[in-house]
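Accompanying notes for the structure given below.
No lab work stands behind these numbers, since they all come straight from the coordinates. The structure displayed is predicted, hence computed values, not measured ones. Methodologically, a virtual Cβ is constructed for each residue, glycine included, from the backbone with ideal geometry; neighbour enumeration extends over all protein chains shown.
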Amino acid sequence: MGVAGGNVTNFRTKTIKVTMAVPSAAVHQNDLIVGATSFSVGNSSVIGTINSACVIDNDDKGIQLDFWFSDKQETPNFGTVNAVPSLSTDDAESVMGRIDSGATFLDFANSKIATPAAFAPIPFETANGTLYVAALLTGATTTFGGGNVILKLGVTIERDL
């Protein structure tokens, strides 16, 4: 009984770490704090789903953030950092979904960490193995110190050619 020989290569899970540098400046509520940052999900033609996230704020602010994802085959332009986001129609149509960090970060001395509340899984399909994420400050206006925010994504890969 069972499959003779071979390995299951679909529906693998993995954690992807995306590091985003934040500016050394005051950022206003609803401003873009990190423009499109690319991250690899596989080799070339990849189908999968973003299922979970953990936000690590090494700048130690713990302010609520929104992360917007795009599957455009080239870098989308979310607008200018430290300004209200602005997307072209083409870039807006490439947006796949969003994750809200939530306002409750736990303080771990030099970092603050949040595990976003349940969100709708974000399915993706990319021909080049790359996705993009941008971050907006949705919490109160604050001054960042030029550290970084790390987004750890739990991803299921259905196909990776």
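For region 16-65 versus region 145-161, the spacing of their alpha-carbon centroids is 8 Å. Overall, region 12-160 carries a charge dipole of about 400 debye about its Cα centre when +1 sits on the Cβ of Lys and Arg and -1 on the Cβ of Asp and Glu, all other atoms neutral. Cross-link reach is defined here as a Cα-Cα straight distance under 13 Å, omitting same-chain residues fewer than 8 places apart; for LYS152 the aspartates and glutamates meeting it are ASP57.
Close amide-amide hydrogen proximity is noted between GLY129 and VAL46, each under 5 Å apart and 5 or more residues distant or on a separate chain (H modeled in the peptide plane; Pro and chain starts excluded).
Rounded to whole Å, the principal axis extents of the Cα atoms in region 12-160 read 40, 33, 23, largest first. For the pair ALA140 and ALA120, a Förster radius of 22 Å applied to the C-beta separation gives a FRET efficiency near 0.25, rounded to the nearest 0.05. Sequentially through region 53-62, phi angles give Karplus couplings (6.51, -1.76, 1.60; θ = phi - 60°) of 8, 9, 10, 10, 9, 7, 7, 6, 9, x Hz, Gly and Pro residues having no value and appearing as x. Taking a point 7 Å from the Cα of ASN43 along the Cα-to-Cβ direction, the residues of region 120-143 with backbone N closer than 19 Å to it are 125-131. With θ taken as phi - 60° and the Karplus curve 6.51 cos²θ - 1.76 cosθ + 1.60 applied, the whole-hertz 3J(HN,Hα) list for region 114-120 is 10, 10, x, 4, 3, 9, 5 Hz, x standing for glycine and proline.
Positive end of the dipole of the chain (Cβ unit charges, origin at the Cα centre): among SER24, GLY139, PHE119, the Cα lying farthest that way belongs to PHE119. Taking amide hydrogens as placed 1.01 Å from N in the peptide plane, the amide H of ASP60 sits under 5 Å from those of LYS112, each at least 5 positions away in sequence or on another chain. Here the 3J(HN,Hα) profile of region 150-161, calculated from phi with Karplus coefficients 6.51, -1.76 and 1.60 at θ = phi - 60°, is 10, 10, 9, 10, x, 10, 9, 9, 8, 8, 9, 9 Hz, Gly and Pro shown as x. In this structure, the amide hydrogen of VAL22, modeled 1.01 Å from its nitrogen in the peptide plane, lies closer than 5 angstrom to those of GLY147, ASN148, VAL149, counting only residues at least 5 positions away or on a different chain.
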